[in-house]
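Asks: Structure provided below as structure tokens; questions to follow.
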Amino acid sequence: MLALCPKCGASVTQVQMSEVEAKSAQGKSLRGVAYSCMRCSAVISVGIDPMALKGDMVREVMEEFKKLQDGKTK
Ligand SMILES: [Zn+2]
């Protein structure tokens, strides 16, 4: 079964990725990614950028780890 663009009807075999900012009601934002039709640029889907999320998670875990280490040495 073919995946078709809801706007132009083209068969979707590739998508264009572009970075977007995903803002929550609490004011926090995450780096997201929009997937668009290669032919007409209509946005097909938006999600959280998995690579950015992984990087942010590693950084936050390391910051918490450093805090714990600093607490132990005092
Ligand atoms: Zn399209």
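The values are calculated or read from the model by the stated rules, or taken from the named source; none is laboratory data. Nothing here was measured: the structure is a model prediction, and the numbers come from that model. For the accessible areas, the whole protein counts, side chains as well, though only heavy atoms, and no ligand, DNA or RNA atoms are used. Shrake-Rupley method; radii C 1.70, N 1.55, O 1.52, S 1.80 Å.
Asks: Report, to the nearest whole %, how much of the accessible area of the chain belongs to carbon and sulfur atoms, 1.4 Å probe, protein only.
Replies: In the chain, the share of accessible area belonging to carbon and sulfur is 58 percent.
Asks: Accessible area per residue of the range 25-74 at 1.4 Å probe, in Å²?
Replies: Averaged over the residues of the range 25-74, the accessible area is 83 Å².
Asks: Something else about it: Please determine, in degrees from 0 to 90 and to the nearest 10, the orientation of helix 50-73 with respect to the longest principal axis defined by the Cα atoms of the chain, where the helix direction is its Cα long axis.
Replies: Once rounded, the angle reads 0 degrees.
Asks: Roughly how large, in nm² to one decimal, is the mean projection of the convex hull of the alpha-carbon atoms in the range 33-74?
Replies: That works out to 3.1 nm², a quarter of the Cα hull's surface.
Asks: Based on C-alpha coordinates, I'd like the Rg and Dmax of the chain, in Å.
Replies: Rg, Dmax (Cα atoms, Å): 18.9, 64.
Asks: Tell me the relative contact order for the chain as a rounded percent, counting alpha carbon contacts under 8 Å between residues six or more apart.
Replies: Across the chain, relative contact order equals 22 percent.
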